[in-house]
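Here's the structure we're looking at; comments come further down.
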Amino acid sequence: MPPVDLPLADLSEPDVAAALLRITQCGGEVFVEHRDSMTLRLSSGSPESGTWEARSDRDVGAGVRFAAGGILGYTSTNVLTPQGFTDAARVAAESVGQSLDGAALGIGQPSQSIRVTPAHRPRRPVDSVDIATKAEALQRVAASAWAVDPRVRDVTVTYVEVVQHVLVMSSGGGSRTDVRTRARVTCRVVARDGGDRGSGFDGPGIGGGFELFDDHPPQEIGAAAARRALLQLGGTECRSGTTTVVLGPSAGGMLVHEACGHGLEADLVARETSVFSRTRGNRLAAPHVTIVDDPSLPAGFGSYGMDDEGRPSHRTILIDRGVQVGALTDAASAKLGMSPSANGRRESYAHAPLCRMSNTYLAGGVESPAAIIGDVNSGVYVARLSGGEVDPATGDFAFTASEAFQIEGGELARPLRAVTLMGNSLLALEAIDAVGDDLSFTQALCGKDDQWVPISYGSPTVRIADLTITGTRS
Amino acid sequence: MTDLTSALEQMLAMQQSGEHLEAYGAHRRVTTIQAGSGGAIRQVDQSETLGIGLRLLSDHRSGYASTADLSRSGLERCVEQARSHAALAQVNPASDLPAPGATYSGPAVLTPSAAPASLREQLETATSLARQASSSDNNVRVDGAAYRDEQYSVEIAATTGLRVAHDQSFIEAWIEVIGDDGSVTATGSGYWWGRAHADVDPHTIAREAVEQAVRLLGRRADALAGASIVLRPDAAAAFIAAAGRALTGPLVRSGRGPLAAALGTTVASPIVTLTDDGHHPSSKRAAPFDDEGIARHTTSLITKGAVSGQLSSTATIRSGEHSTGNASRGSHKSPPEVAPTTLLLASTLEHSELMSGDVVVIEQLTGERSGINNVTGRIDLAVTGYILRDSEPAGAFAGVPVSTTLGELLRAIDAVADDARVVSRSPALAPTVRLAPGLFG
């Protein structure tokens, strides 16, 4: 019997196991998921009062996939009985012209049974911590935000924990299970000064448990979000134009994720709908630029022991000392002649896997951030980006800065507001002329084709020689 | 009695003294077919999900939990979680579960659900859509085409006696194309929704996408100072949706939010009249009741430029107020939040009148997800489109940065066309909108 963790123990029932085996012997792949999550939110319009909201969810289901003639057929269901699995498999098989009929039932055993080493090893499992302790941590985050300045007007703190057990069975890959545990806290602050308003955010997360708050003290989270909101009050609106831009680790990481990572997902590369479709082997950046995706990072928010197609996680180099050498593949794109990575991920059992990033980062260099900024006579320093979009086909991007400063004479000067960065992925890569030694990671959720998965992006401080920024219309 | 109905009733029977329970059950079946260049089918997804979201009120404290495990033990666990979450919440004297309402109205087109087309018919439609676009223009290739059929049932049951249910179905078809003339790359998209498979017109959807991509190719336009700005529906939808989200009960009452708008405040030009319609037959979001079981309404939000109303749910109203029927859940996992149903901007001109003379036409936005700040109302994003000079195409532009605020944009609206249409993923039936010259510099 395949080894399964307790929440999936019913899969060991003989009739269920036989049904799963039959599906895989017919060429199908089965993905089973058991997910428990909890969200705790504190919303406050004053330091003295707040509104609590708590909710929990249990989601259990399976997805069955067949492939034939270049077509993928996928079916998902909540009904985890032998009949439920069989019915789902029949629909998926028939959608690609295959059949389950006539297949022998439950003969033999899978060739391999593997429980992969989890990427997440919680030091404080979330179910070992009571809700009062969790609530107290959120109260401390909120209190630290309110304490920063009387212009703070709204504070919302949200904590989310997810424990996910997955099993993947296929005829070629046997049976594998993995456990992923993630915890994340976000703090959103609104500050007001007369009619002027600013918003700030901080949102650390880990692949792990409640040790989140040991690694990220609550008082630092709330204070950071509040300071970012206050920076937007009375900030100077910058002049639009092309200038030298220095990106802090968080901002640099988002640029790497959006402007490069998505374009290097193999499904887009293979369909020639990525700006990187024909650049493999080309020098795209200076030798100090190396970009990596690594789902095996310990405690990484985007980490996993295996991807959602059962491939053990491993590091993939995408750009090696300036040269594009790799792409992120799933099983389907790997068959198109690309080196297989372990990046087939899905939001849940209700979704077929896609090529997705995990923990994507620009490797650290040797320069100090102070030296990188010090070499800039006039430019802009962007500490954080609040979001943005990239068109993978053209490489054009637009990002909004939530924390930015004017650089004058090699020093950070006045804070700026309403700064947007515009550019092109290939041109921005080429224009990176300095890479710092302060690599760090930011956690987030990434959306693609209406699927959201947890990821992290990382970067040290980087300098881009020419980037378009926009501020006021005047 | 369906499995879902049985599970809902089992859950309500777990009520304890001093409690009220509201169980929201959703059963969803979705088929999505993806096709690529030349009409080749890439993937066929068929999903079926069944789940319940529970709201438990105990002494005016609310707790939420949800589950896809409809076994007896799964339901019991869900109720216990909601009970423990309620113990954490504050007392909110205004919180109450909806009582059974009056009869629910709505156009007959909402019910009953249409039976889905066969898989073979769905595959043929997706193939046709991709083929039509693949063969339309030598400079255009297909990025992806999709056909989606969704059938869902919602049942809401509460210990107050509320029992409502409705079925819905709709079909969507969309396509994304990439144009490349050797010097410029541009994208185009086409979208359609309806309720009957027979109404799907792959040719029209493909043509819309190809024509958009082709419009954005070619020589780059020179700046056109002093021209009016026209937002095509895909672009206008984002701003209309932002205005709708800004006009919810708590924000209007407090005079805060991106429009800082209390009732009666002027927030837009005098020609702007915005309503939210819970029953509009041209919207896939139309339903007889909202996700708390409250009858949907038509709510006036902005009348001749001034705030005239707000959207609410039972969780956001104050004592003495009535919900506008705008409670919305993303799925059974989400507690209800206030959201627009279908936003309508009253038209003032025919479409052809907006597209004459010297006009800057904005077709696409980049960075709108974060570029429209729902707290401060700031708008910082990039726009793509083309220019009309004396009503004739005079070049395209891409990725031009613009900065303004939601309030400034609404005040700059000086005409609204009569071509409102559904835009993918937006609550707006968005028309073409004209802005006065100079807003974007």
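Here, each number is a calculation from the coordinates, and none is a lab measurement. The model shown is predicted, which means the values in this text are computed figures rather than measured ones. No Cβ is skipped: glycine too gets one built from the backbone with ideal geometry, and neighbour counts run over all protein chains shown.
Can you list the residues of the stretch B:310-327 with backbone N under 16 Å from a point 7 Å past the Cα of B:Thr160, pointing along Cα to Cβ?
Residues B:312-327 fall inside that zone.
How much length, in nm to one decimal, is gained on full extension between A:Ser12 and A:Thr242, taken as 0.36 nm per residue of separation minus their Cα-Cα distance?
76.6 nm
Calculate the tail of P(r) for the stretch B:29-82: the fraction of all Cα-Cα distances greater than 13 Å, expressed in %.
69
Taking every residue in B:160-170, how many Cβ atoms of other protein chains lie within 10 Å of its Cβ, on average?
Averaged over the peptide's residues, the number is 0.
Going toward the positive end of the dipole of chain A, with +1 on Lys and Arg Cβ and -1 on Asp and Glu Cβ, which of A:Gly387, A:Pro369, A:His165 do you reach last?
A:Pro369
Using per-residue counts of other Cβ atoms within 10 Å, averaged over each peptide, order A:38-50, A:390-402 from highest down.
A:390-402, A:38-50
Can you tell me the FRET efficiency between B:Arg29 and A:Arg121 if r is taken as the Cβ-Cβ distance and R0 is 30 Å, rounded to the nearest 0.05?
Using R0 = 30 Å, I get an efficiency of 0.15.
Pop a pseudo-label 7 angstrom from the Cα along the beta-carbon direction at both B:Glu121 and A:Glu272 and give the gap in nm to one decimal.
In this crude spin-label approximation the distance works out to 3.6 nm.
Within a 10 angstrom radius of each residue's Cβ in A:65-76, how many Cβ atoms of other chains show up on average? Whole number is fine.
Mean inter-chain Cβ contacts per residue within 10 Å come to 4.
Using the 2.2 N^0.38 Å rule of thumb for compact globular proteins, work out how chain A stacks up: its C-alpha Rg over that value, please.
1.05
Taking N as the number of residues in chain B, what is its Cα Rg relative to 2.2 N^0.38 Å?
1.06
Given +1 on the Cβ of Lys and Arg, -1 on the Cβ of Asp and Glu, and no further charges, what dipole in debye does the protein assembly as shown carry about its Cα centre, rounded to the nearest 20?
760
Say each of B:Asp390 and B:Asn138 gets a label point 7 Å from the Cα, pointing the same way as Cα to Cβ; how far apart are those two points in nm?
Placing both labels 7 Å beyond Cα along the Cβ direction yields 3.0 nm.
Which of these, B:Asp137, B:Asp149, B:Asp358, has the largest mean-square fluctuation under a Gaussian network model of chain B (Cα springs below 10 Å)?
Taking springs between Cα atoms under 10 Å, the residue moving most is B:Asp137.
Could you tell me how far the Cα centroid of the stretch A:157-186 sits from the Cα centroid of the stretch B:304-333, in Å?
36
Can you compute the FRET efficiency between B:Ser17 and A:Ser46 using 1/(1 + (r/R0)^6), with r the Cβ-Cβ distance and R0 = 25 Å? Round to the nearest 0.05.
0.15
Taking 8 Å as the Cα distance limit and 6 or more residues as the minimum spacing, I'd like the relative contact order of chain A as a percentage.
Worked out over chain A, it gives 15 percent.
For the protein assembly as shown, with equal point scatterers placed on the C-alpha atoms only and solvent neglected, what are the log10 I(q)/I(0) values from the Debye formula at q = 0.09, 0.11 1/Å, to two decimals?
-1.00, -1.69
Which Cα, out of B:Leu216, B:Ala287, B:Gly264, lies furthest along the positive dipole direction of the stretch B:215-290 (beta carbon charges, K/R +1, D/E -1)?
B:Leu216
Convex hull over the alpha-carbon atoms of the stretch A:342-385: what's its volume per residue in Å³?
Given the Cα convex hull of the stretch A:342-385, per-residue volume reads 120 Å³.
To the nearest 20 debye, what charge dipole does the stretch B:302-441 have about its Cα centre, counting +1 at the Cβ of each Lys and Arg and -1 at the Cβ of each Asp and Glu?
Its charge dipole is roughly 720 debye.
Using every pair of alpha-carbon atoms in the stretch B:147-208, split the distances into 10 Å bins beginning at 0 and state the percent of pairs per bin, rounded to integers.
Taking every Cα pair in the stretch B:147-208, the percentages come to 18, 30, 22, 17, 9, 4, 1.
Using the eigenvalues of the Cα gyration tensor, what equivalent ellipsoid semi-axes result for the stretch B:327-441 when each is taken as the square root of five times the eigenvalue, whole Å, largest first?
Taking √(5λ) for each Cα gyration eigenvalue gives 28, 18, 13 Å.
Would you mind counting up the charge near B:Ala327? Only other residues with Cβ under 9 Å from its Cβ, with Lys and Arg at +1 and Asp and Glu at -1.
Neighbourhood net charge equals -3.
What is the gain in length, in nm to one decimal, between B:Glu80 and B:His60 on full extension, counting 0.36 nm per residue of separation less the C-alpha to C-alpha distance?
Extra length from B:Glu80 to B:His60 when fully extended: 5.5 nm.
With each label point set 7 Å from Cα along the Cα-Cβ vector, what nm distance links A:Ala286 and A:Asp193?
Result: 3.7 nm between the two label points.
Of all alpha-carbon pairs in the stretch B:150-309, indicate the percentage at a distance above 19 angstrom.
71
What FRET efficiency would be calculated for the residue pair A:Ser339, A:Asp450, taking the C-beta separation as r and a Förster radius of 25 Å, to the nearest 0.05?
E between A:Ser339 and A:Asp450, to the nearest 0.05, is 0.35.
Just add up the charged neighbours of B:Thr266: K/R +1, D/E -1, any other residue whose Cβ is under 12 Å from the Cβ of B:Thr266.
Within the 12 Å Cβ shell, the charges total +2.
Taking K and R as +1 and D and E as -1, what net charge do the other residues with C-beta under 10 Å from the C-beta of A:Ile221 add up to?
With Lys, Arg at +1 and Asp, Glu at -1, the net is -1.
With viscosity set to 1.306 mPa s at 10 °C, what whole-number translational diffusion coefficient in µm²/s follows for the stretch B:1-94 from Stokes-Einstein and a Kirkwood radius over Cα pairs?
105
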